[in-house]
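Participant: This is the structure I want to talk about, given as structure tokens.
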Amino acid sequence: MQHPSQEKTLVIIKPDGLQRNLIGEITSRYERVGLKLVGLKMMNAGIDLVNGHYNLDPQWFRLVGEKSIKGLIDKGITPPSPDVNIMAQSVLDRLIKYMTSGPIIIMIWQGAHAVNIVRKITGDTEPLTSDVGTIRGDYVLDSYQLSTDDNRAVRNLVHASGNVNDAEKEIKYWFKDEEIMDYVLVNDAVLYGV
């Protein structure tokens, strides 16, 4: 059985994160908590690659459609369509346009509770509702309403795996085994030593 300190999660700095020169600020937040960077790539992702990423989980399409409708209704906004599939396709189309608009940085972070820690540091998907102190809460002004009005994806700087199962699938999707580094940091002894 794998030690909890070996948990890994995937993070993608989206094109707006690069355009706004926030790479160092974003990565330093994960480093400061004690996570270890074990994989790193920079690329221009094509439509098929981004589409494949969002369709790794067969339930994603339905869930994002439902979440999109509920999120708009909860904020008093009438969804453009009550059809889950139409809403999901709209979200996916906007995500693909957003994620292919410029270079992205794909990273693997490792450490105890890596998935949940990264999610906590990153903040809620909608920057407007993200807490101050999170990446999205501190550096983004965007909201579901604004992105819906502008017919675009929410600009929220970072993708972070939603759970351990998603992280495993996403890491295998973006990285070959030999691209994932295994090394020791002095921090490892401080954080996990007995």
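Participant: Only one of (1) in a loop (DSSP other than H, G, I, E, B); (2) in contact (Cβ under 8 Å) with a residue 60 or more places away in the chain; (3) of a type in the set (V, I, T) is not met by V184, so which one is it?
Facilitator: Failing condition for V184: (2).
Participant: Could you identify the single residue in E178, E170 that is within 26 Å of R62 (Cβ to Cβ), in a helix (DSSP H, G or I) and of a type in the set (D, E, K, R)?
Facilitator: Within the list E178, E170, the selection yields E170.
Participant: Any residue at all in the range 172-192 that's closer than 27 Å to G65 by Cα and among the aliphatic types (A, V, I, L, M)?
Facilitator: Looking through the range 172-192, none of the residues is closer than 27 Å to G65 by Cα and among the aliphatic types (A, V, I, L, M).
Participant: Would you confirm whether or not the range 110-129 contains a residue that is surrounded by 19 or more Cβ atoms within 10 Å (Cβ to Cβ), small (G, A, S) and in contact (Cβ under 8 Å) with a residue 40 or more places away in the chain?
Facilitator: Yes, some residue in the range 110-129 is surrounded by 19 or more Cβ atoms within 10 Å (Cβ to Cβ), small (G, A, S) and in contact (Cβ under 8 Å) with a residue 40 or more places away in the chain.
Participant: In addition: Scanning the range 136-167 for residues that are in a loop (DSSP other than H, G, I, E, B) and small (G, A, S), which turns out nearest to the chain's Cα centre (by Cα)?
Facilitator: It comes out as S161.
Participant: Among the listed residues G17, G24, identify the single one that is touching a Leu at 6+ places or on another chain (Cβ under 6 Å), modelled with pLDDT of 95 or more and assigned to a helix (DSSP H, G or I).
Facilitator: Only one candidate passes the filter, namely G17.
Participant: Also, quick follow-up: How many residues are more than 17 Å from L128 (Cβ to Cβ) and of a type in the set (A, V, I, L, M, F, W, C) when one looks only at the range 72-90?
Facilitator: The total comes to 4.
The values are calculated or read from the model by the stated rules, or taken from the named source; none is laboratory data. This structure is a prediction, so every number in the text was calculated from the model and none was measured. No Cβ is skipped: glycine too gets one built from the backbone with ideal geometry, and neighbour counts run over all protein chains shown.
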